Amino acid sequence: MAQFAVFASGQGSNLVALHAYFSESAIPHSICCLVSDKPACQAVAYALSKAIPVIYINYAGQDKALAEQQLVDQLRNYQPAVLVFAGFMRLAGQVLLHTYQGRIINLHPSLLPRHPGKQGIIDSFNAGDSELGITIHYVDEGIDTGRIIRQESFFRTADDTLPSIEARIHALEHTYYPQTIHALLDTKNAVEAS
Ligand code: GRF
């Protein structure tokens with residue numbers, strides 16, 4: 001049994017998918033808290049509605065290292081085995097990377113290394129890529145550069161539009177992100193028990 005923290009800044013559809021998946025009684029792992037830099041975002045509203053504890057990280061007017069140290073201090077109360085980024089629109093700094101070395105995972109809506117950055121879906125669509133998809137990867141100091149854990153894809157059809165591509169990508173995310181986090185936590189538990 002392991003716990004993980006979700007990091008989100010926006011809509012929170014992946015938080016919803018993760019929460020639904022890990023709320024199943026047969027699943028031994030669970031979300032311990034949501035971390036957000038945007039107190040008014042939908043992900044925070046969802047977490048509050050489900051009694052998921054919320055930690056705010058406040059970058060405004062202070063050094064990033066200090067902000068991350070305050071976060072790490074608060075996260076100690078929850079003992080997350082891994083940090084799961086799901087639409088968290090900030091780069092992890094040295095304090096977070098060092099404290100949770102090899103234990104921070106991100107979800108990106110393109111087939112990395114193609115189209116890193118904030119607009120993975122729009123960039124994949126505009127580039128005319130015939131194969132599009134998602135990447136689940138470890139977080140390092142770069143922008144979407146960490147070691148890839150899993151990729152899932154589909155082929156564009158003649159009827160696809162930007163909204164339909166967005167929907168297809170989100171459907172992949174909502175299916176494969178929870179499964180992949182589950183498998184990672186199982187592996188981690190097995191290693192620790194051996
Ligand atoms: C997802 O497309 C994810 O790949 C990217 O940010 C988006 C978050 O969506 N990193 P949501 O907030 O979970 O709906």
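Annotation: of all residues in region 85-109 being near the ligand (Cβ under 10 Å from one of its atoms) and touching a residue at least 40 places away in the same chain (Cβ under 8 Å), the one that is most open to solvent (accessible area, probe 1.4 Å) is 89.
If the condition is being more than 20 Å from residue 150 (Cα to Cα) and in a loop (DSSP other than H, G, I, E, B), then region 69-90 contributes 76, 77, 78, 79, 80, 89, 90. With a requirement of 1 or more residues that are modelled with pLDDT of 95 or more and of a type in the set (D, E, K, R), the helices (runs of 4 or more DSSP H) lying completely within region 91-194 that satisfy it span 120-126, 162-193. Can you tell me which residue in region 17-45 is most open to solvent (accessible area, probe 1.4 Å), limited to those that are in contact (Cβ under 8 Å) with a residue 60 or more places away in the chain and near the ligand (Cβ under 10 Å from one of its atoms)? My answer is 17. Of everything listed in (1) open to solvent by 50 Å² or more (accessible area, probe 1.4 Å); (2) touching a residue at least 40 places away in the same chain (Cβ under 8 Å); (3) aromatic (Phe, Trp, Tyr), the single unmet condition for residue 177 is (1).
Filtering region 53-81 to residues that are open to solvent by 10 Å² or more (accessible area, probe 1.4 Å), touching a helix residue (DSSP H, G or I) at 6+ places or on another chain (Cβ under 7 Å) and aliphatic (A, V, I, L, M) leaves 54, 65, 81.
Looking only at region 18-30, how many residues end up being over 11 Å from the mean Cα position of the chain (by Cα) and within 17 Å of residue 176 (Cβ to Cβ)? Qualifying residue count, region 18-30: 7.
The values are calculated or read from the model by the stated rules, or taken from the named source; none is laboratory data. Only a predicted model underlies this, so the values are computations on that prediction, with no experimental measurement involved. Note that each Cβ is placed from the backbone with ideal geometry, even for glycine, and that neighbours are counted across all protein chains shown. These area figures cover heavy atoms from the full protein model, side chains too; ligands, DNA and RNA do not enter into them. Shrake-Rupley method; radii C 1.70, N 1.55, O 1.52, S 1.80 Å.
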